[in-house]
Protein chains: 2
Amino acid sequence: MTLTTAKSVAANATANTIAQALSRAIHEHRLAPGTKLGEDELSDIYGVSRTIVRTALQSLAHQQIVEIKRNRGAFVAQPSLAKAQEVFEVRELLEPRTARAAALHATPADIALLKDHITQEHAAMDAGESGRALYLSGKFHLEIARMAKQQTIADIINVLIARSSLIIALYWRRESALCESQAHHALINAIGDNNGALSEELMQSHLVDLHSALNLKELPAVEQDLRAMLLGDAKP
Amino acid sequence: MTLTTAKSVAANATANTIAQALSRAIHEHRLAPGTKLGEDELSDIYGVSRTIVRTALQSLAHQQIVEIKRNRGAFVAQPSLAKAQEVFEVRELLEPRTARAAALHATPADIALLKDHITQEHAAMDAGESGRALYLSGKFHLEIARMAKQQTIADIINVLIARSSLIIALYWRRESALCESQAHHALINAIGDNNGALSEELMQSHLVDLHSALNLKELPAVEQDLRAMLLGDAKP
DNA sequence: GCGCACAATATTGTATGCAATATGCGGATG
DNA sequence: CATCCGCATATTGCATACAATATTGTGCGC
């Protein structure tokens, strides 16, 4: 996987622009965990100096979706198994309550927005753009947090979603290829009915489903990243 | 309030060093909300280039304890009333469950550590170092999160504690000068007894107490910073 | 005396150059 | 032939110079 694109992009990119672009690329699994994000490479691509690129990378590092190793450079993060567990545990703690709050505050406009999200998600899926579908699926959760009028929680969930995308890239098991859009659909209905209790319950079970669709068996924690790399070739 | 110190500190400071130093100063209320953190000033103090200072400030900005205004500089953040509410609501959502988990994992060594924290806290209080006492009080909460073996939650709580310190600086009402160490003491006992349910309950009520000790009445949000500055001189 | 425009100053934003460090290759050596 | 050491190269870390922008002070006109 390489970062080099055919044409260099407009030079008006700011640090946030770049961070968002990278974040989205990671969300959509166009950048795999472990991919090196070279400063020169990125500054060439976006037509800015390394200074800007560095602040963008630092921003992503704070969200723990990029890991910066001193004198080595920046890499797309590879959350350990333990971190993966933790991320979903926190989400299971935060998001159900947030869904409840969202149900109480939801306006018809909000519901329309969520339905539009679902539509786009389906469209992306049908078009075979599974990365984009995953991205939209994350945005769906974020939108609910935003509706709950809890910016602080929304911020936290935002980074947890980003990390979840990495976790899915690393630990998703193909066997359980169940599409999750039914769950989202049911959630919309509950929120649209201002049914807080049901929304909370649905969100909870939705997250548990997701969590259990991950391949989180015990692996030796030491050098797990290396092992993860090797396991791919070891099966056949 | 000025940042200038008599002697410049050793030049071996790294970005993390500076970020931690500033974070702690904010924790301990030596740096008031709204204080400007000039890049040149800081680079003089710590004997490094502005580059290092900038990454430190960006790090703090990501934790929202510093606000960077474009072309204006970095300032110690001034959480709005709404944000203050939100921060404590999230803490009330996260920390009780975390205290429960901590109670299950707690070892005698952990308990000893917590008791030591309390001792230091009392000592600081008796010495009139209320800032340091507040800092230690925050560390106490963080230590519990660490004991729960949930690094992800601990990270989140860590920044929420930092923000809480700012909120206390802005919205604490003197009337309710109740010292909170009793609450901490009771918590230690519950955790030491591995009593998860009680720990959760105590943490919950402790946070509610804190929350209600804040002066969160409606204030004109516009130019609230300036108002806060002026109110200090208006009393006598 | 008051208000406004403009200039001077100070501070941040960005780019770039040099230094430090890790990596990979090639030759020497056992 | 394998291994180890040292050098060449590439990349990041840090500092500084220059550009852009906000703020403040001054003077002019009214």
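No lab work stands behind these numbers, since they all come straight from the coordinates. Predicted, not measured: the structure shown is a model, and the values here were computed from it. Cβ atoms come from the backbone with ideal geometry, glycine included; neighbour counts cover every protein chain shown.
Summary table below
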item: Qualifying position, being away from chain A (no Cβ under 14 Å), under 18 Å from the mean Cα position of the chain (by Cα) and among the polar types (S, T, N, Q), among B:SER181, B:SER205, B:SER199; result: B:SER181
item: Test result for A:ALA56, within 14 Å of chain B (Cβ to nearest Cβ), touching a Phe, Trp or Tyr at 6+ places or on another chain (Cβ under 9 Å) and within 16 Å of DNA strand D (Cβ to nearest atom); result: yes
item: The range B:30-49, residues that are farther than 18 Å from B:ASN16 by Cα, part of a loop (DSSP other than H, G, I, E, B) and within 15 Å of DNA strand D (Cβ to nearest atom); result: B:GLY34, B:THR35
item: Identity of the residue in the range A:36-51, within 12 Å of A:ALA74 (Cα to Cα) and crowded, with 18+ Cβ neighbours inside 10 Å, that ends up farthest from DNA strand C (Cβ to nearest atom); result: A:LEU37
item: Residue check, A:LEU81 free of Cβ contacts under 8 Å to residues at least 60 places away in the same chain and within 14 Å of chain B (Cβ to nearest Cβ); result: no
item: Test: residue in the range A:71-82 that is closer than 29 Å to B:ALA99 by Cβ, surrounded by fewer than 18 Cβ atoms within 10 Å (Cβ to Cβ) and more than 16 Å from DNA strand C (Cβ to nearest atom); result: yes
item: Pair list, Cβ under 7 Å, 6 or more apart: the range B:31-43 residue more than 14 Å from chain A (Cβ to nearest Cβ), other residue within 15 Å of DNA strand D (Cβ to nearest atom) and hydroxyl-bearing (Ser, Thr, Tyr); result: B:SER43/B:SER49
item: Residues (within 12 Å of chain A (Cβ to nearest Cβ) and within 14 Å of DNA strand D (Cβ to nearest atom)) located in the range B:59-75; result: B:SER59, B:ILE68, B:ARG70
item: Tally, over the range B:107-153, of residues that are under 30 Å from A:ILE65 (Cβ atoms) and acidic (Asp, Glu); result: 1
item: Cβ pairs under 7 Å, 6+ apart, first in the range A:86-108 and more than 16 Å from A:PHE140 (Cβ to Cβ) and more than 9 Å from chain B (Cβ to nearest Cβ), second of a type in the set (Val, Ile, Thr) and surrounded by fewer than 22 Cβ atoms within 10 Å (Cβ to Cβ); result: A:GLU92/A:VAL208
item: Selection count where residues are part of a loop (DSSP other than H, G, I, E, B) and buried (at least 20 other Cβ atoms within 10 Å of the Cβ), scope the range B:52-70; result: 1
item: Test: residue in the range B:134-145 that is among the basic types (Lys, Arg) and touching a residue at least 60 places away in the same chain (Cβ under 8 Å); result: no
item: Odd one out for A:ARG100 among (1) assigned to a helix (DSSP H, G or I); (2) within 16 Å of DNA strand D (Cβ to nearest atom); (3) not hydrophobic (A, V, I, L, M, F, W, C); result: (2)
item: A:GLU28 being under 30 Å from A:ALA190 (Cα atoms) and more than 14 Å from chain B (Cβ to nearest Cβ); result: yes
item: Matching residues in the range B:143-163 - criterion: being more than 11 Å from every other protein chain (Cβ to nearest Cβ) and within 15 Å of B:HIS105 (Cα to Cα); result: B:GLU143, B:ILE144, B:ALA145, B:ARG146, B:MET147
